[in-house]
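Remarks on the structure that follows.
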Amino acid sequence: MMRVLGLETSCDETGVAVYDSELGLLAHRLYSQVDLHADYGGVVPELASRDHVRKLIPLIKEVLAAAHTQPQEIDAIAYTSGPGLAGALMVGAITGRSLAYAWGVPAMGVHHMEGHLLAPLLESEKPDFPFVALLVSGGHSQLLRVDGIGCYQLLGESIDDAAGEAFDKVAKMLHLDYPGGPQVAKLALQGNANAFAFPRPMLDRPGLDFSFSGLKTAVLTAYQQTPDYDNKKADIAASFEAAIVDTLVRKCERALKQTGLKRLVMAGGVSANLRLRTQLKDLAQRKRWQVFYPSPAFCTDNGAMIAYAGCQRLLVGQQENLAVTVKPRWPM
Ligand code: KG4
Ligand code: ZN
C-alpha cells in the first residue's frame, strides 16, 4: 500500500491530490489562475509562479484535511517536473522535495504528459493494457501505443501546432476569452458545422502525424474574407471544431487499424471536448472497440493524475536523488 501526495504546477493551475494505491483517490483540489491571466490573453509565466507560491501550501493543507490524512501517513510525494513553465515547475518541485525531506519520505518527479496519459486509469471503469492513446493538450498532440506503465511507443504526433493550441489560436482570432478551447466549443454549439468547408489536414497522406497550422490559416482567411463575420463567428467556430475533431477521429481509426488493438483511450485538455468524445464513442460503437476517457475534471491539468503516475513509478521501485531539477522541455 502506498499513499501519495501529488502536486501539479506546470502552467496556470495549482493542483493537489492524495492518491492511495488501495483506496484510490482520497481528495483533490484545483485552484485555477484563469482570472489572473485573462486580461493578458494568455499565461504570464512570472505571475503564474508567484501565484503557485501563494496557493500551494494552503491547498496542500486543505487536501490533507479533506483526505483525513496526517502528514505522517503520506508515503511519498509526486510533483510535475516538466515539461512546462520553468518557474512554475520549480515551485512544485522545491515544495514537494522539501516536504519529502522534512517528512522523511521519497519524492518523485513526474512527466506532465505521462500524468495526462494515465488519468483515465483513475476512473472506476478503466482500460486494461495494451491500448492506443490519443493525447491532446495545449502543448502536445500524440498517438501512442501503451503496453504498460512506462511502455509508450509514439505512433504519430503533430508536426506543428498542438490541437489545444489550434483551439486557443482560433479563439483569439474570434476575440473569445482565454483559455480558448472551451469558449470555441461553447460558441460552436450555436453554429452550423457545415457552413465553412475547412481542410481536414493530413488525411490524404498515410501515417499518423497531425498538422493543424494550415487549418488555423484557413480559419483566419475565412474570418478576414467574411464581410459579416460577427454574425458568422458561431459558424466558423463550429466548422473549425468539426474539421479538427474529424481529423483526430480518422487518425485514431487509422492507429487502431495499424496496431490491431481494439481499445482507445483519450486524455489531455482537448479530450474534454464533447464533440470529440461523442464522435469517438460513436465510432467505437460501430467498430465494437472500447473507448475510455477521464472525467472532465481530470482531462485538464490536475494533481490527481500526478499523484497516480508518481505512485505507479514508486510502486515498481523507482527512486530519485535529492537534487531538485525541472525540465521545461522534456520528450516523453
Ligand atoms: O491538458 P491541458 O489542461 O494543459 C496542457 O497540458 O496543455 O490542456 C489545455 C488545452 C488548452 O489548449 C484548452 O484550450 C484545451 O486544452 N481545451 C479544450 C477544451 N477544454 C480544454 N479544447 C477543446 N474543447 C474543450 N472543451
Ligand atoms: Zn496539461
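The values are calculated or read from the model by the stated rules, or taken from the named source; none is laboratory data. Worth saying up front: this structure is predicted, and the values here are computed from it rather than measured. Cβ atoms come from the backbone with ideal geometry, glycine included; neighbour counts cover every protein chain shown.
Tabulated data for the structure shown
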| read-out | value |
| --- | --- |
| Asp301, sole failed condition from (1) assigned to a loop (DSSP other than H, G, I, E, B); (2) surrounded by fewer than 20 Cβ atoms within 10 Å (Cβ to Cβ) | (2) |
| Matching entry among Gly310, Gly269, Gly260 (being farther than 15 Å from Leu134 by Cα and within 16 Å of ligand 2 (Cβ to nearest atom)) | Gly310 |
| Residue count for region 139-186, restricted to those that are touching a residue at least 60 places away in the same chain (Cβ under 8 Å), part of a helix (DSSP H, G or I) and in contact with a strand residue (DSSP E or B) (Cβ under 9 Å, 6 or more places away or on another chain) | 3 |
| When residues of region 285-307 are limited to those that are closer than 14 Å to Pro120 by Cβ and without any contact (Cβ under 8 Å) to a residue 40 or more places away in the chain, the one farthest from ligand 2 (Cβ to nearest atom) | Val291 |
| Flag if Val105 is more than 16 Å from ligand 1 (Cβ to nearest atom) and of a type in the set (Val, Ile, Thr) | yes |
| Single match in Leu261, Leu315, Leu280 (criterion: in contact with a Pro (Cβ under 9 Å, 6 or more places away or on another chain), away from ligand 1 (no atom under 13 Å from the Cβ) and of a type in the set (A, V, I, L, M)) | Leu261 |
| The lone exception for Ala195 - which of (1) more than 24 Å from the chain's Cα centre (by Cα); (2) part of a helix (DSSP H, G or I); (3) not hydroxyl-bearing (Ser, Thr, Tyr) it fails | (2) |
| Of the criteria (1) under 27 Å from Asp147 (Cβ atoms); (2) within 16 Å of ligand 1 (Cβ to nearest atom), which one Pro206 fails | (2) |
| Those residues of region 36-53 which are at pLDDT 95 or above and surrounded by fewer than 13 Cβ atoms within 10 Å (Cβ to Cβ), in sequence order | Glu46 |
| Per-region count, region 211-251, residues touching a Gly at 6+ places or on another chain (Cβ under 6 Å) and outside any helix (DSSP H, G or I) | 0 |
| Val110 being under 17 Å from Ile60 (Cβ atoms), within 16 Å of ligand 1 (Cβ to nearest atom) and either in contact (Cβ under 8 Å) with a residue 12 or more places away in the chain or acidic (Asp, Glu) (or both) | yes |
| Single residue of region 113-138 satisfying the filter (in a helix (DSSP H, G or I) and of a type in the set (A, V, I, L, M, F, W, C)) that is nearest to ligand 1 (Cβ to nearest atom) | Met113 |
| Region 105-144, residues that are more than 16 Å from ligand 2 (Cβ to nearest atom) and under 12 Å from the mean Cα position of the chain (by Cα) | none |
| Meets criteria (within 24 Å of Gly269 (Cβ to Cβ) and either out of contact with any Lys or Arg (no Cβ under 7 Å at 6 or more places or on another chain) or buried (at least 18 other Cβ atoms within 10 Å of the Cβ) (or both)) for Ala65 | no |
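Here's the yes/no breakdown for (1) modelled with pLDDT of 95 or more; (2) part of a helix (DSSP H, G or I); (3) more than 16 Å from ligand 1 (Cβ to nearest atom); (4) under 22 Å from Ala86 (Cα atoms):
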| residue | (1), (2), (3), (4) |
| --- | --- |
| Leu256 | yes, yes, yes, no |
| Arg275 | yes, yes, no, no |
| Gln319 | no, no, yes, no |
| Val324 | no, no, yes, yes |
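Conditions (1) modelled with pLDDT of 95 or more; (2) near ligand 1 (Cβ under 7 Å from one of its atoms); (3) in contact with a Phe, Trp or Tyr (Cβ under 9 Å, 6 or more places away or on another chain), marked per residue:
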{"position": "Leu155", "(1), (2), (3)": "yes, no, no"}
{"position": "Ala163", "(1), (2), (3)": "yes, no, yes"}
{"position": "Ala166", "(1), (2), (3)": "yes, no, yes"}
{"position": "Val170", "(1), (2), (3)": "yes, no, yes"}
{"position": "His175", "(1), (2), (3)": "no, no, no"}
{"position": "Pro179", "(1), (2), (3)": "no, yes, yes"}
{"position": "Val184", "(1), (2), (3)": "yes, yes, yes"}
{"position": "Leu187", "(1), (2), (3)": "yes, no, no"}
